[in-house]
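> Can you read through this structure? Questions will come right after.
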Amino acid sequence: MFSKIKEIFGGEAEGNGQKATKTAPASPKAESKPASTKPRIGYIHLSGCTGDGISLTENYDILATLLTDMVDIVYGQTLVDEWDMPEMDLCLIEGSVCLQDEHSVKELLKAREKSALICAFGSCAMNGCFTTYARGGQQAQPKHESFPPISSLVKVDLALPGCPVAPEMIAKAVVALINGDMDYLQPALDIAACDTACGCDLLNGVMNKALCTGCGTCGLACQTRAIEMIQGRPHIDTDRCIKCGSCYVSCPRSWLPETQIKKELNL
Ligand code: SF4
Ligand code: SF4
């Protein structure tokens, strides 16, 4: 995966678009246009509140150059007038997938088929977030619908957590992708199929293992202010927790290479 992203986004821009056209037969439409040398990006909105899309627009002042000069937005329901999904280098997917919505399921499967890389864009796509608790339907016609994370149906290559993803994180991730900055992107690759989705995961995975240093990062990452630091330790207000998982993936101690440490200490 490491080399795959580097191959697509790293190095000279000229090689990027060429690779995309080499790996798949170009459509007649694409053949009539000059071959683009920029990474081809798609954006798909499944089930969510659109907060991640709004967060993306918060960046337009600084991303204008990137979006217009450095990447090609080739697919997106509200971004591009294109109905047939083209080959893409990267597809950002916002929202969880409603299993009862045939269109959403087909769109997701097709995106996997057409994209070199799939990015779970935001917590709903990454771990389901609050949508996993949604019942679906309307009061007048109650019915059960389920909204699992996209990794339950397709392989996900990287994830950007958040409810919504912070505008700064989006901007930095896009710049890192274009520059092939793998050090910056490594956490996003590691949490691609993340299944932590609650403040309880922070308690189980960090607090209960006595790994917490009281740095407060989890509290800063929580966008619903469900975490209060009391005497240097996080306390979770479960009524406010929307199950986004941002606290756990932001905690520097959740990345502790426990297996490696045990191996080196012969534990
Ligand atoms: S981010 Fe992790 S180490 Fe820091 S206070 Fe929260 S649980 Fe503790
Ligand atoms: S405590 Fe906050 S950051 Fe953690 S999962 Fe709940 S809402 Fe998200």
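> Could you say whether any residue in the stretch 244-265 is within 10 Å of ligand 2 (Cβ to nearest atom), of a type outside the set (Asp, Glu) and open to solvent by 20 Å² or more (accessible area, probe 1.4 Å)? Step through it out loud before you land on a result.
Taking the stretch 244-265 first, the residues within 10 Å of ligand 2 (Cβ to nearest atom) are 244-251.
Checking which are of a type outside the set (Asp, Glu) leaves us with 244-251.
Restricting the remaining residues to those that are open to solvent by 20 Å² or more (accessible area, probe 1.4 Å) gives 248, 250.
Taking every residue of the stretch 244-265 in turn, at least one turns out to be within 10 Å of ligand 2 (Cβ to nearest atom), of a type outside the set (Asp, Glu) and open to solvent by 20 Å² or more (accessible area, probe 1.4 Å).
Conditions tested, residue by residue: (1) within 10 Å of ligand 1 (Cβ to nearest atom); (2) modelled with pLDDT of 85 or more; (3) not in a helix (DSSP H, G or I).
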site: Ala159; (1), (2), (3): no, yes, yes
site: Leu185; (1), (2), (3): no, yes, no
site: Ala188; (1), (2), (3): no, yes, no
site: Thr196; (1), (2), (3): no, no, yes
site: Leu203; (1), (2), (3): yes, yes, no
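> Let me ask you something else. List the residue pairs whose Cβ atoms are under 9 Å apart, where the first residue sits in the stretch 200-219 and is over 22 Å from Cys163 (Cβ atoms) and in the same structural domain as Lys243 (by TED's automatic domain parsing), the second is assigned to a loop (DSSP other than H, G, I, E, B) and more than 14 Å from ligand 2 (Cβ to nearest atom), and the two are 6 or more positions apart or on different chains.
Lys209/Leu256; Leu211/Leu256; Cys212/Gly232; Thr213/Gly232; Gly214/Gln231; Gly214/Gly232
> Now, a different point. Find the residue count for the stretch 84-102, including only residues that are within 23 Å of Ile54 (Cα to Cα) and without any contact (Cβ under 8 Å) to a residue 12 or more places away in the chain.
The number of residues fulfilling the criteria is 0.
> Does the stretch 45-56 contain any residue that is without any contact (Cβ under 8 Å) to a residue 12 or more places away in the chain and of a type in the set (Val, Ile, Thr)?
No - not one qualifying residue is present in the stretch 45-56.
> Further question on the same structure: Between a residue in the stretch 229-247 that is on the phi > 0 side of the Ramachandran plot and any residue that is loosely packed, with under 13 Cβ neighbours inside 10 Å and in a loop (DSSP other than H, G, I, E, B), which pairs come within a Cβ distance under 7 Å, given they are 6 or more apart or on different chains?
So the pair list comes out as Gly232/Gly214.
> I'd like the full set of residues that are within 13 Å of ligand 1 (Cβ to nearest atom) and surrounded by 13 or more Cβ atoms within 10 Å (Cβ to Cβ), limited to the stretch 216-232. Spell out how you get there, then give the answer.
Here is the first cut: in the stretch 216-232, the residues within 13 Å of ligand 1 (Cβ to nearest atom) are 216-222, 226-232.
Of everything in the stretch 216-232, those that are within 13 Å of ligand 1 (Cβ to nearest atom) and surrounded by 13 or more Cβ atoms within 10 Å (Cβ to Cβ) turn out to be Gly216, Thr217, Cys218, Gly219, Leu220, Ala221, Cys222, Ala226, Ile227, Glu228, Met229.
> Please go through the stretch 84-130 and pick out each residue that is surrounded by 21 or more Cβ atoms within 10 Å (Cβ to Cβ) and of a type outside the set (A, V, I, L, M, F, W, C).
Asp89, Glu94, Gly95, Ser96, Ser104, Ser115, Gly122, Ser123, Asn127, Gly128
> Suppose the filter is of a type outside the set (A, V, I, L, M, F, W, C), open to solvent by 20 Å² or more (accessible area, probe 1.4 Å) and at pLDDT below 50; does Pro25 pass it? Full working, then the answer.
Numbers: of a type outside the set (A, V, I, L, M, F, W, C): yes; open to solvent by 20 Å² or more (accessible area, probe 1.4 Å): yes; at pLDDT below 50: yes.
The answer is yes for Pro25.
> Quick check, is Pro148 in contact with a strand residue (DSSP E or B) (Cβ under 7 Å, 6 or more places away or on another chain) and either open to solvent by 20 Å² or more (accessible area, probe 1.4 Å) or farther than 23 Å from Arg112 by Cβ (or both)?
Numbers: in contact with a strand residue (DSSP E or B) (Cβ under 7 Å, 6 or more places away or on another chain): yes; either open to solvent by 20 Å² or more (accessible area, probe 1.4 Å) or farther than 23 Å from Arg112 by Cβ (or both): yes.
Spelling it out, Pro148 is indeed in contact with a strand residue (DSSP E or B) (Cβ under 7 Å, 6 or more places away or on another chain) and either open to solvent by 20 Å² or more (accessible area, probe 1.4 Å) or farther than 23 Å from Arg112 by Cβ (or both).
The values are calculated or read from the model by the stated rules, or taken from the named source; none is laboratory data. Computed from a predicted model, the values in this text were never measured in an experiment. Note that each Cβ is placed from the backbone with ideal geometry, even for glycine, and that neighbours are counted across all protein chains shown. The area values use the complete protein model at the heavy-atom level, side chains included, leaving out ligands, DNA and RNA. Shrake-Rupley method; radii C 1.70, N 1.55, O 1.52, S 1.80 Å.
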